Amino acid sequence: MNVLVVNAGSSSLKYQLIDTVTGEVKAKGLCDRIGIPGSRIDHKTADGTKWSKEIEMSNHSVATKILVEVLTDPEIGCIKDMSEIEAIGHRVVHGGPYFSESILVTDEVIEVLKKCTDFAPLHTGPHLMGIAGCTSVMPTTPQVLVFDTAFHQTMPECAYTYPISAEIAEKYQIRRYGAHGTSHRYVSGVMNEILNKEDSKVVTCHLGNGSSISAVKGGKVIDTSMGFTPLDGLVMGTRCGSIDPAIVTYVMDREGMTPDEMNNYMNKKSGFLGLTHGFSSDCRDLEAAIAAGPEDPHYADANRAINVWAYQIKKFIGSYAAAMNGLDAVVFTAGIGENNSRLRALVCENMEFYGIKIDNEANASGAGSALAKKISADDSKVAVYLIPTNEELMIAQDTARIASAL
């Protein structure tokens with residue numbers, strides 16, 4: 001089945017057309033700056049041919065129409081007409097308490113999805129725009145929502161419960177939901193195939209500008225670092241991650257911040273950006289400053305940010321090993337997890353207590369592989385792997401399964 005996988009942002013629309021039988025990505029691309037002057041589409045075919053064009057896209061409906069025109073173009077397209085798109089799968093960040101698995105889009109489902117806006121305000125609105133855009137262009141094509149939070153629904157009550165009053169928690173559905181679940185599901189599944197062990201104990205580290213870590217026991221999540229929102233857990237590009245809750249009111253009081261201003265501060269002005277005195281939220285910039293040496297004005301700040309991050313990752317691995325009563329494997333994935341060998345080495349050093357021993361040569365040459373790569377030493381008791389994530393394939397497969405049953 002040909003499935004169009006869509007990941008909608010407020011001014012962007014990423015897409016991939018995937019053959020779910022072969023797993024082939026027939027084409028992929030990005031409609032960028034939607035509703036903003038200078039909108040453009042960047043398109044890439046299966047053979048690596050790239051094509052770009054600046055074209056006005058006033059909204060997501062126009063962007064969807066344009067990407068379909070590109071996919072069906074006689075020269076740069078990969079299908080003859082729109083009817084070859086048999087289903088559409090949408091990546092949705094947060095399903096709140098309402099969605100525990102992938103689901104077919106209906107009018108009723110859309111109304112419930114709107115209730116998730118409070119849980120992921122930066123994402124839910126764009127998701128709804130992406131769905132509306134696809135509906136306007138392909139009204140009869142089945143659409144499926146695949147939720148980042150769904151894989152984490154297996155967490156036990158002790159892991160997802162916050163120690164606030166039960167009345168407030170129940171009234172506002174406050175609990176740990178997690179995120180990046182589609183990525184954690186994919187890489188833990190690959191790792192479990194490698195281990196070939198029924199009750200495997202795996203820690204998956206999805207490390208990017210947004211990061212999360214999950215404990216996956218026997219294929220099911222028992223804990224994850226992101227919480228009620230994607231702000232919780234590890235330090236990230238601009239997000240602070242877990243901090244003492246009293247810091248929030250303390251800073252608000254002294255800086256005269258409103259709740260919205262404080263929320264913006266924690267989400268957009270903290271993390272790497274905050275730790276480096278506003279230098280950068282991009283790990284690549286931090287690594288470049290470190291590589292330049294002490295003479296670089298950002299060297300000390302960059303070092304501090306990366307060391308804080310590595311220390312936090314290490315703590316999560318240790319705590320999740322305790323929660324699972326053992327550890328079989330650690331997986332690094334996502335943009336930084338797959339490409340930053342120095343970070344992986346920092347995380348894995350001094351972990352002999354857990355039986356983790358990295359192969360420095362394998363780790364240094366790990367980036368760029370499309371397949372799972374072992375980076376632990378042969379005598380390491382715990383397997384350490386670099387596994388490129390493939391969230392789009394997971395979304396496409398879920399979409400095909402649901403659409404095929406119609």
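The values are calculated or read from the model by the stated rules, or taken from the named source; none is laboratory data. This is a predicted model, so every value here is computed, not measured. A quick note on method: Cβ atoms are made from the backbone with ideal geometry, for glycine too, and the neighbour counts reach across all protein chains shown.
Taken over the range 99-118, the residue count meeting the criterion of being of a type outside the set (A, V, I, L, M, F, W, C) and crowded, with 16+ Cβ neighbours inside 10 Å is 2. Among the conditions (1) part of a helix (DSSP H, G or I); (2) closer than 19 Å to Leu393 by Cα; (3) of a type in the set (A, V, I, L, M), Ala159 misses just one, which is (2).
I'd like to know if the range 157-172 contains one or more residues that are within 22 Å of the chain's Cα centre (by Cα), modelled with pLDDT of 95 or more and not hydroxyl-bearing (Ser, Thr, Tyr).
Here is the first cut: in the range 157-172, the ones within 22 Å of the chain's Cα centre (by Cα) are 159-160.
If we keep only those that are modelled with pLDDT of 95 or more as well, we get 159-160.
Imposing the further condition that a residue be not hydroxyl-bearing (Ser, Thr, Tyr) reduces the set to 159.
Within the range 157-172, one or more residues are within 22 Å of the chain's Cα centre (by Cα), modelled with pLDDT of 95 or more and not hydroxyl-bearing (Ser, Thr, Tyr).
Highlighted here are the helices (runs of 4 or more DSSP H) found entirely within the range 316-405 that include at least 3 residues which are buried (at least 20 other Cβ atoms within 10 Å of the Cβ): 334-339, 341-348, 391-404. Lys197 falls short on exactly one of the conditions (1) in a strand (DSSP E or B); (2) touching a residue at least 60 places away in the same chain (Cβ under 8 Å); (3) over 16 Å from the mean Cα position of the chain (by Cα), and that condition is (1).
Take the conditions under 19 Å from Met138 (Cα atoms) and within 26 Å of the chain's Cα centre (by Cα) and apply them to Ile88. Does it pass? Can you show your working first?
Working: under 19 Å from Met138 (Cα atoms): yes; within 26 Å of the chain's Cα centre (by Cα): yes.
Against the criterion (under 19 Å from Met138 (Cα atoms) and within 26 Å of the chain's Cα centre (by Cα)), Ile88 qualifies.
For Gly237, state whether it is under 30 Å from Lys201 (Cβ atoms) and either buried (at least 18 other Cβ atoms within 10 Å of the Cβ) or touching a Cys at 6+ places or on another chain (Cβ under 7 Å) (or both). Outline the logic, then answer.
Working: under 30 Å from Lys201 (Cβ atoms): yes; either buried (at least 18 other Cβ atoms within 10 Å of the Cβ) or touching a Cys at 6+ places or on another chain (Cβ under 7 Å) (or both): yes.
Yes.
Screening the candidates Thr64, Thr20 for the property of being closer than 25 Å to Leu128 by Cα and at pLDDT 90 or above yields one hit, Thr20. Tallying residues that are more than 20 Å from Asp232 (Cβ to Cβ) and either at pLDDT below 95 or part of a helix (DSSP H, G or I) (or both) within the range 298-315 yields 8.
Based on what the data block shows, is Thr140 without any contact (Cβ under 8 Å) to a residue 24 or more places away in the chain, assigned to a loop (DSSP other than H, G, I, E, B) and of a type in the set (S, T, N, Q)? It would help to see each step written out before you state the result.
On the way: without any contact (Cβ under 8 Å) to a residue 24 or more places away in the chain: yes; assigned to a loop (DSSP other than H, G, I, E, B): yes; of a type in the set (S, T, N, Q): yes.
Spelling it out, Thr140 is indeed without any contact (Cβ under 8 Å) to a residue 24 or more places away in the chain, assigned to a loop (DSSP other than H, G, I, E, B) and of a type in the set (S, T, N, Q).
Residues of the range 40-57 that are outside any strand (DSSP E or B), in contact (Cβ under 8 Å) with a residue 24 or more places away in the chain and either farther than 27 Å from Thr399 by Cβ or of a type in the set (S, T, N, Q) (or both): Thr49 alone.
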